[in-house]
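Notes to accompany the following structure.
The values are calculated or read from the model by the stated rules, or taken from the named source; none is laboratory data. Being a predicted model, the structure only gives us computed values, none of them experimental. Cβ placement follows ideal geometry from the backbone for every residue including glycine, while neighbour counts extend to all protein chains displayed. Quick note on the areas: whole protein, heavy atoms, side chains included, nothing else; ligands and nucleic acids left out. Shrake-Rupley method; radii C 1.70, N 1.55, O 1.52, S 1.80 Å.
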Amino acid sequence: MTKSPVIDRYFACVGAQKAGTTWLARTLARHDEIFVTPVKEIHYFDHVAGLTEHLAERKRRSRYRKYHQRMWAQWGRWREHRAQADWYRAYMKPGLDDEWYASLFADRQGKAVAGEATPEYAIIGRDGFRHMKTLAPDARIIYIMRNPVTRAWSQLLHQCRSRRLNPDRVSSETFLSMAGEERFEELADYERVLDDMAAEFAPSQTLLAFYEDIHHDRAAAVRSVCDFLGVGFDGARMDGLGKRYNISPPAKLPDELREALREKYGGVVEGIARRMGRIPQSWQTDFN
């Protein structure tokens, strides 16, 4: 039996979706001691579990083409893109197995810690987290929770873009139907994710955070993540903390839908309040 490769000093941000994972990944990528995969979401564990097709050949080739387009279009970042060439060659190799995944963190450009951010790892369950731990026994896992109402609204707007729907013309009933779809429900189930993580990883290996706390004091949040990963924090070099990514299109959350989402996620919020001992003010405002 072939022994699985081991990834040293590895971390994964496993969600939640629409909770600032892109901001965190791009912020950490600017750190002198942290390597973040050039493709932010690798999707290995959800792919091998048969849950998604984000690693389909056509999608990998599309990302590879876009990488070359950036290299030739963004002359000011030529050195940065050129330094990623070996990584992309490893990414495009056939055979999506544990050795392939481990190879994505082997050449980490001399940096001490390496990781990635795939929000859909929130759906891989205990078996998926057990697989992750097999490859990285000392892994550090980051999970960010956002007010379920605003997170759901942001995800619904994202779904409107994907489905080419005008959110101003979508009824509250249709939005609620979308929020009731299986994958949407899974990504919104914070307590289940915490249970699955806790089944495989010790408390010292997990960092739980609130989106609202992070964006209230971004520097303090990054310092906390750096401490968790065992690297130093130099605020003077972590520029761009105020930049936002993947901003949802402007659309007002209808009062009727807000009330329905409050009712839908009330139990989730109560459970998180018990587990964490507190919830941010905006959660309290929405859920009394």
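Pop out the carbon and sulfur fraction of the accessible area of the chain as a percent, whole number, probe 1.4 Å.
Roughly 48 percent, rounded to a whole number.
Nearest 10 degrees is fine. How inclined is helix 125-135 to the longest principal axis of the chain, computing both from alpha carbons?
Approximately 20 degrees, to the nearest ten.
Please give the peptides 223-230, 67-74 ranked by average Cβ packing (other Cβ atoms within 10 Å per residue), highest first, as a rough proxy for protection.
223-230, 67-74
Distance in nm between label sites at Arg278 and Ala219, each 7 Å beyond Cα in the beta-carbon direction?
It works out to 2.0 nm between the two label points.
Averaged per residue, what accessible area in Å² does the chain show with a 1.4 Å probe, protein chains only?
That works out to 50 Å² per residue.
Where the centre of each part is set by its Cα atoms, how far does segment 103-179 sit from segment 1-32, in angstrom?
Distance between centres, Cα-based: 12 Å.
Can you give the calculated 222 nm mean residue ellipticity of the chain, where each DSSP H run of n ≥ 4 adds -39,500 (n - 2.57) and the sum is split over every residue, rounded to the nearest 500 deg cm²/dmol?
-15000 deg cm²/dmol
Amide H of Phe35: which non-local residues (sequence gap of 5 or more, or other chain) have their own amide H closer than 5 Å, using H built in the peptide plane?
The list, which skips near neighbours in sequence, is Val113, Ala114, Gly115.
Just how far, in whole angstrom, is segment 190-205 from segment 68-96 if you go by their alpha carbon centroids?
34
Which order do Asp107, Asp138 take when ranked by solvent-accessible area (1.4 Å probe, heavy atoms of all protein chains), largest first?
Asp138, Asp107
Which residues does a label at Thr285 reach in segment 188-228, if reach means a backbone N under 19 Å from a point 7 Å past the Cα toward the Cβ?
Residues passing the 19 Å test: 210-218.
Evaluate the distance, in nm, between pseudo-label points positioned 7 Å from the Cα of Trp100 and of Lys66 along their respective Cα→Cβ axes.
It works out to 1.9 nm between the two label points.
Please list, in chain and number order, the residues 5+ apart from Arg140 or on another chain whose amide H is under 5 Å from its amide H, with Hs placed from the backbone.
Tyr10, Phe11, Ala12
Return the sequence-ordered ³J(HN,Hα) values of segment 29-44 in whole Hz as given by the Karplus equation 6.51 cos²θ - 1.76 cosθ + 1.60 applied to θ = phi - 60°, using x for Gly and Pro.
5, 8, 7, 5, 10, 10, 9, 10, 3, x, 8, 4, 9, 7, 6, 5
With volume of the Cα convex hull per residue in Å³ in mind, check (1) 177; (2) 144; (3) 203 and report the label derived from this structure.
Given (1) 177; (2) 144; (3) 203, the calculated one carries the label (2).
Rounded, prolate or oblate for segment 2-151? Axes are the square roots of the Cα gyration tensor eigenvalues, ordered a ≥ b ≥ c, and the cut-off for rounded is a/c under 1.5.
Since a/c stays below 1.5, the shape of segment 2-151 is classed as rounded.
In whole Hz, what ³J(HN,Hα) sequence does segment 275-288 give by Karplus (6.51, -1.76, 1.60; θ = phi - 60°), x for Gly and Pro?
So the Karplus estimates, Gly and Pro as x, are 6, 8, x, 6, 9, x, 4, 5, 5, 4, 4, 6, 10, 6 Hz.
With θ set to phi - 60°, apply the Karplus curve 6.51 cos²θ - 1.76 cosθ + 1.60 along segment 196-208 and write out the HN-Hα couplings as whole Hz, x wherever there is a Gly or Pro.
Per residue, the Karplus-derived 3J(HN,Hα) values read 5, 5, 5, 5, 10, 10, 5, x, 5, 9, 10, 10, 9 Hz.
Using 0.36 nm per residue of separation minus the Cα-Cα distance, give me the extension gain between Asp234 and Asp138 in nm, one decimal.
Result for the pair: 32.1 nm of gain on full extension.
For Phe210, what residues show an amide H to amide H distance below 5 Å, using hydrogens built from the backbone and excluding near sequence neighbours?
Met145
Can you figure out the FRET efficiency of Glu256 with Arg82, using R₀ = 35 Å and their beta-carbon distance, to the nearest 0.05?
E(calc), rounded to 0.05, equals 0.10.
Output the pairs from Lys18/Lys59; Lys40/Lys264; Lys18/Lys111; Lys40/Lys252 with a Cα-Cα distance over 26 Å in this structure; if there are none, say none.
Too far apart for the 26 Å limit: Lys40/Lys264; Lys18/Lys111; Lys40/Lys252.
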